[in-house]
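Note sheet for the following structure.
The values are calculated or read from the model by the stated rules, or taken from the named source; none is laboratory data. Only a predicted model underlies this, so the values are computations on that prediction, with no experimental measurement involved. FYI the Cβ positions are ideal-geometry reconstructions off the backbone, even for glycines, and counts take in every protein chain you see.
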Amino acid sequence: MQYISKLLIVRKFSKVFFFMLPLFLNSCEKSDTDTSLSLPKISVDENPGAKPLSPEKTMKSIRLPEGYHLELVASEPMITEPVAIAWDGNGRMFVAQMQTYMQDINATNENLPVSQILLLEDTDNDGKMDKKTVYIDSLVLPRMMLPLDDRLIVGETYSNNLFSYRDKNGDGQADEKLQVYKNDTRDNWNLEHQKSGLIWNVDNYIYVSTGQVRYRFDGTKMIADSLPEGSRGQWGLTHDNYGRLFYSLAGGEIPAMGFQQNPAYGDLEFYMSQWEKGFEQVWPILSTPDVEGGVHRLREDSTLNHFSASCGQSVFRGDRLPGDLIGDLLICEPVGRLIRRAKVMNTGGKRMLRNAYQDTEFLASTDMNFRPVNTATGPDGNLYIVDMYRGIIQEGTYTGPSSYIRPQILKKGLDKNVGRGRIYRLVHDGYNRGSKPQMLDQPSTRLVQYLSHPNGWWRDNAQKLLILRNAREVIAELRKVAACSLWDRIPFFKNNNRHLGKIHALWTLDGLGALDQKTLFEALEDPDTQVRRTAVRLSENYLRKSDQQVLYRLAEMQTDPDVDVRTQLALSLRYFQTNTSRRMLETILKGDSKNEMIVSAVKGSLGKWETVKEIDLQTNGLSASDKALIQKGAVIFKQLCATCHGSDGKGLQLGETGMAAPPLAGSPRVRGEKRILIKILLSGLTGPVDGKTYPGIMPEMQRNDDDWIAAVASYIRTNLGNNSSVITTEELIAIKAKEPGHYEPWTLKELGLKDK
């Protein structure tokens with residue numbers, strides 16, 4: 001151990017100079033001093049017409065910052081009711097159409113299997129689609145698409161099964177259908193709340209918007225991997241250059257969430273403190289009476305005052321629009337007929353969202369039928385917008401006879417506009433469209449070059465195709481791309497795309513099972529923050545195998561100059577539970593005891609180790625059904641709750657910084673009124689508790705089913721030193737029925753409870 005300590009000291013001092021370079025080098029994310037852009041305020045159209053407009057007139061109704069313009073890519077009758085787009089490696093566009101969605105106000109025949117996925121092509125390269133084939137017919141509201149090589153994975157509404165489709169004879173129609181994931185359990189959620197996304201992230205996992213699952217594709221099948229707490233977004237999912245995921249929850253009126261850490265490490269939300277004050281307010285330029293939330297969601301000028309239908313988000317990662325847009329988050333708001341542009345700010349490792357414009361929006365329309373539901377960076381380097389272009393955007397559950405919006409819809413005649421749709425390309429003066437890709441026809445050696453392409457679409461697809469091909473012939477070349485040269489350490493020679501190429505090369509090697517220790521160790525010394533962070537995360541495979549050499553090398557990262565690297569180290573150490581790991585976590589925490597990200601990461605890792613401890617289960621004198629409920633709750637508690645509250649319910653101690661969460665043992669909120677405990681479990685809890693302030697918050701659990709919530713509530717009330725009664729599923733349902741929906745964490749004051 002003395003030799004190792006000396007070695008670490010020598011290595012540390014030999015790298016001091018190069019570790020200071022990130023102060024000059026790193027341009028990978030927006031700085032926390034980035035300022036809002038200016039945009040003139042636009043007067044509101046307080047009485048817009050509901051009559052459908054031509055695509056050309058709709059584009060004239062859309063207000064954009066100076067220099068930006070829209071181009072029409074496709075419209076009716078070529079496409080109808082489009083909801084999502086994706087491109088194959090040769091730049092051909094797939095369009096998912098929900099052709100039965102809300103064809104009248106009662107959603108008549110909505111679930112008939114008549115929807116389609118189209119294949120569109122631009123054969124003369126003028127930027128507008130001129131060739132259409134029905135790639136897949138007879139689908140039930142298709143909602144997810146993932147192009148692989150010459151295969152397309154598709155997910156339909158109400159189904160958990162996934163199928164791969166392929167066009168074997170080149171006629172533009174799929175003639176091969178193979179099941180790649182089997183789960184015959186019907187998804188009975190409202191269709192607005194079911195899975196979407198299905199995106200291949202930089203870490204080679206395939207993510208969806210909601211649920212406790214992600215996937216890996218092994219060449220023929222989707223292999224499910226469980227997530228500890230799951231994700232809980234709705235329509236839309238995106239990632240940035242470094243794999244950070246962005247979800248949204250329209251039902252909870254939450255425009256963006258899930259972006260603080262990967263869901264593999266659990267759920268982490270700072271809620272209102274991860275947005276600039278007022279970020280949740282939106283600024284339409286037309287009257288918006290068709291708002292599910294009713295009059296309290298309208299301003300005096302009858303415009304939507306708050307996000308209501310946030311969806312279809314994407315991080316712009318292209319190269320054919322102004323550079324200040326790269327890395328910004330675009331969020332669709334179809335009820336407001338607008339798209340928000342959000343700056344993603346790095347504030348000490350915590351990400352914060354800020355509206356790029358003061359009290360106005362990046363894109364807004366006065367056309368009542370403009371319904372942006374999705375966005376994506378295209379192969380040509382521009383931003384694409386999917387406009388479902390229709391009168392009704394809300395699903396039938398919310399347009400019933402007693403709903404607020406039904407008379408608003410009928411008054412305007414919005415229910416009459418169906419069977420249309422548009423896809424736009426956002427362009428800018430002085431920029432030309434990028435070249436059309438031909439990746440499916442190119443050798444793997446050429447794909448390696450694209451890992452450093454300035455357009456993220458090309459980088460993502462090159463990595464994906466190399467892994468799908470199992471291109472082991474390029475392993476040596478990938479290691480060269482990942483390597484750090486002297487020029488990388490000199491600011492004057494900094495290549496802003498080279499660090500991205502390294503990250504993709506490292507993950508491609510990982511996907512090929514060819515990431516060797518030498519390449520990993522070199523990446524840990526890279527001058528770029530995000531390369532080092534990537535290397536720390538990639539070390540987890542070695543930590544799972546108890547590789548002491550990798551652990552000792554990671555010990556050097558305890559005092560890395562960047563908080564992102566230290567945070568990632570704290571997260572990754574949960575996969576190697578040793579005394580050395582614990583000391584490393586304590587060192588990290590001691591240096592950053594006030595940093596929310598560090599404290600949360602250390603808490604999660606130490607809490608993960610808490611779940612190893614055995615739980616003493618008390619069920620004496622209870623009925624068989626109550627015992628079963630408590631036993632189920634004990635399992636849930638150990639897997640989830642113990643990571644903050646400790647296996648004994650007395651709280652997890654975080655060194656000198658206090659406890660991670662309030663004790664449950666002896667808690668009056670646990671032992672007391674059932675209604676209060678249920679409200680906390682459903683919506684979460686924040687603020688001081690018993691006179692103490694804790695890092696983070698108690699997250700909401702309402703996405704879990706009633707049996708799940710009743711079980712965990714019953715366990716903590718009857719165990720952990722508490723001796724109250726169980727809460728049956730029937731009692732839970734009755735309590736929920738009497739409580740209005742609440743989507744933000746409670747405070748004790750809001751619950752009518754006194755704090756010490």
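Screening Lys692, Lys736 for residues that are under 18 Å from Gly646 (Cβ atoms) and of a type outside the set (Ser, Thr, Tyr) leaves exactly one candidate, Lys692.
Residues that are of a type outside the set (A, V, I, L, M, F, W, C) and outside the structural domain of Pro82 (by TED's automatic domain parsing): list the strands (runs of 3 or more DSSP E) wholly contained in segment 282-353 that include at least 3 such residues. Break it down into steps so the answer makes sense when it comes.
On the way: elements: 311-315, 329-333, 338-347.
Here the list is empty.
What's the total number of residues in segment 187-214 that are assigned to a strand (DSSP E or B) and either in contact with a Phe, Trp or Tyr (Cβ under 7 Å, 6 or more places away or on another chain) or among the charged types (D, E, K, R) (or both)? Number of matching residues: 4. Got at least one residue in segment 528-542 being closer than 24 Å to Gly349 by Cβ, over 26 Å from the mean Cα position of the chain (by Cα) and acidic (Asp, Glu)? No: zero hits.
In segment 412-421 there is at least one residue matching the filter, namely being modelled with pLDDT of 95 or more, assigned to a loop (DSSP other than H, G, I, E, B), of a type in the set (Lys, Arg) and in the same structural domain as Ala74 (by TED's automatic domain parsing). Say whether the condition of being crowded, with 17+ Cβ neighbours inside 10 Å, farther than 30 Å from Asn704 by Cβ, of a type outside the set (A, V, I, L, M) and modelled with pLDDT of 95 or more is met by at least one residue in segment 589-607. For segment 589-607, residues crowded, with 17+ Cβ neighbours inside 10 Å, farther than 30 Å from Asn704 by Cβ, of a type outside the set (A, V, I, L, M) and modelled with pLDDT of 95 or more: absent.
Pairing each residue of segment 91-117 that is under 12 Å from Ile79 (Cβ atoms) with any residue that is crowded, with 18+ Cβ neighbours inside 10 Å and of a type in the set (Phe, Trp, Tyr), provided the two are 6+ apart or on different chains, yields C-beta distances under 6 Å for Met93/Trp87; Ile117/Phe94; Ile117/Tyr135. If I filter segment 459-472 for residues that are polar (S, T, N, Q), closer than 27 Å to Phe94 by Cβ and either without any contact (Cβ under 8 Å) to a residue 12 or more places away in the chain or crowded, with 20+ Cβ neighbours inside 10 Å (or both), do I get at least one hit? Yes: segment 459-472 contains one or more residues that are polar (S, T, N, Q), closer than 27 Å to Phe94 by Cβ and either without any contact (Cβ under 8 Å) to a residue 12 or more places away in the chain or crowded, with 20+ Cβ neighbours inside 10 Å (or both).
Report whether or not Gly430 is surrounded by 15 or more Cβ atoms within 10 Å (Cβ to Cβ) and either outside the structural domain of His499 (by TED's automatic domain parsing) or not acidic (Asp, Glu) (or both). Here the answer is no, as Gly430 does not meet what is asked.
The residue that is modelled with the lowest pLDDT, among those in segment 487-545 that are surrounded by fewer than 19 Cβ atoms within 10 Å (Cβ to Cβ) and aliphatic (A, V, I, L, M), is Ile490. Among the residues of segment 661-718, just one is aromatic (Phe, Trp, Tyr) and either touching a Ser or Thr at 6+ places or on another chain (Cβ under 9 Å) or assigned to a loop (DSSP other than H, G, I, E, B) (or both), namely Tyr694. With the structure loaded, tell me whether Tyr357 is surrounded by fewer than 24 Cβ atoms within 10 Å (Cβ to Cβ), of a type outside the set (S, T, N, Q) and modelled with pLDDT of 95 or more or whether it fails that test. Yes: the conditions hold for Tyr357.
So that you can scan it fast, the table gives a plain yes or no per residue for (1) of a type outside the set (A, V, I, L, M); (2) within 12 Å of the chain's Cα centre (by Cα); (3) part of a loop (DSSP other than H, G, I, E, B); (4) modelled with pLDDT of 95 or more:
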residue: Asp171; (1), (2), (3), (4): yes, no, yes, yes
residue: Thr185; (1), (2), (3), (4): yes, no, yes, no
residue: Ile223; (1), (2), (3), (4): no, no, no, yes
residue: Ser226; (1), (2), (3), (4): yes, no, no, no
residue: Gly230; (1), (2), (3), (4): yes, yes, no, no
residue: Gly236; (1), (2), (3), (4): yes, yes, yes, yes
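Would you mind stating whether Ser683 is among the small types (Gly, Ala, Ser), crowded, with 22+ Cβ neighbours inside 10 Å, farther than 26 Å from Glu614 by Cα and not assigned by TED's automatic domain parsing to the domain that holds Gly293? If you could, list the steps in order and put the result at the bottom.
Details: among the small types (Gly, Ala, Ser): yes; crowded, with 22+ Cβ neighbours inside 10 Å: yes; farther than 26 Å from Glu614 by Cα: yes; not assigned by TED's automatic domain parsing to the domain that holds Gly293: yes.
Answer is yes for this residue.
Which residues, counting only those in segment 389-413, are touching a helix residue (DSSP H, G or I) at 6+ places or on another chain (Cβ under 6 Å) and either of a type in the set (D, E, K, R) or surrounded by fewer than 18 Cβ atoms within 10 Å (Cβ to Cβ) (or both)? Lay out the reasoning, then the answer.
Looking only at segment 389-413, we keep the residues that are touching a helix residue (DSSP H, G or I) at 6+ places or on another chain (Cβ under 6 Å), and these are 391-392, 395, 399, 409.
Selection gives Glu395 alone.
Consider segment 306-327 and keep the residues that are of a type outside the set (A, V, I, L, M, F, W, C) and under 14 Å from the mean Cα position of the chain (by Cα). The one that is nearest to Ser287 (Cα to Cα) is Ser310.
The criterion of being polar (S, T, N, Q), more than 23 Å from Asn417 (Cα to Cα) and at pLDDT 95 or above does not hold for Asn125.
For segment 532-564, enumerate the residues that are in a helix (DSSP H, G or I) and touching a residue at least 40 places away in the same chain (Cβ under 8 Å). Across segment 532-564, the qualifying residues are Arg533, Thr534, Arg537, Tyr552, Ala555, Glu556, Thr559, Val563, Asp564. Only residues that are out of contact with any Gly (no Cβ under 7 Å at 6 or more places or on another chain) and at positive phi were counted in segment 254-282, giving 2.
In segment 238-247, what residues are part of a strand (DSSP E or B) and of a type in the set (Ser, Thr, Tyr)?
Initial filter on segment 238-247 (part of a strand (DSSP E or B)): 238-239, 245-247.
Scanning segment 238-247 gives Thr238, Tyr247.
For segment 618-657, filtered to residues that are β-branched (Val, Ile, Thr), farther than 17 Å from Leu685 by Cβ and outside any loop (DSSP other than H, G, I, E, B), the residue that is modelled with the highest pLDDT is Ile630. For segment 151-175, which positions are of a type in the set (Asp, Glu) and either closer than 15 Å to Ala84 by Cβ or buried (at least 16 other Cβ atoms within 10 Å of the Cβ) (or both)? Matches in segment 151-175: Glu156, Asp167.
Hey, among Ala711, Ala665, which residue is at pLDDT 80 or above, crowded, with 22+ Cβ neighbours inside 10 Å and not β-branched (Val, Ile, Thr)? Give the steps one after another, and end with the answer.
Values: Ala665 fails: crowded, with 22+ Cβ neighbours inside 10 Å.
Selected residue: Ala711, the only one of Ala711, Ala665 that is at pLDDT 80 or above, crowded, with 22+ Cβ neighbours inside 10 Å and not β-branched (Val, Ile, Thr).
If you take the residues in segment 248-273 that are in a strand (DSSP E or B) and in contact (Cβ under 8 Å) with a residue 60 or more places away in the chain, which one is surrounded by the most Cβ atoms within 10 Å (Cβ to Cβ)? If you could, list the steps in order and put the result at the bottom.
Keep residues of segment 248-273 that are in a strand (DSSP E or B), which gives 248-249, 254-257.
Restricting the remaining residues to those that are in contact (Cβ under 8 Å) with a residue 60 or more places away in the chain gives 248-249, 254-256.
On the way: Ser248: 29, Leu249: 23, Ile254: 23, Pro255: 27, Ala256: 26.
Of everything passing the filter in segment 248-273, Ser248 is surrounded by the most Cβ atoms within 10 Å (Cβ to Cβ).
Only one entry of Thr377, Thr366 meets the criterion of being of a type in the set (Val, Ile, Thr), surrounded by fewer than 24 Cβ atoms within 10 Å (Cβ to Cβ), modelled with pLDDT of 95 or more and under 30 Å from Met102 (Cα atoms), and that entry is Thr366. As a summary of the residue check, Val635 satisfies the conditions (1) surrounded by fewer than 18 Cβ atoms within 10 Å (Cβ to Cβ); (2) within 25 Å of the chain's Cα centre (by Cα); (3) among the aliphatic types (A, V, I, L, M) except for the one numbered (2).
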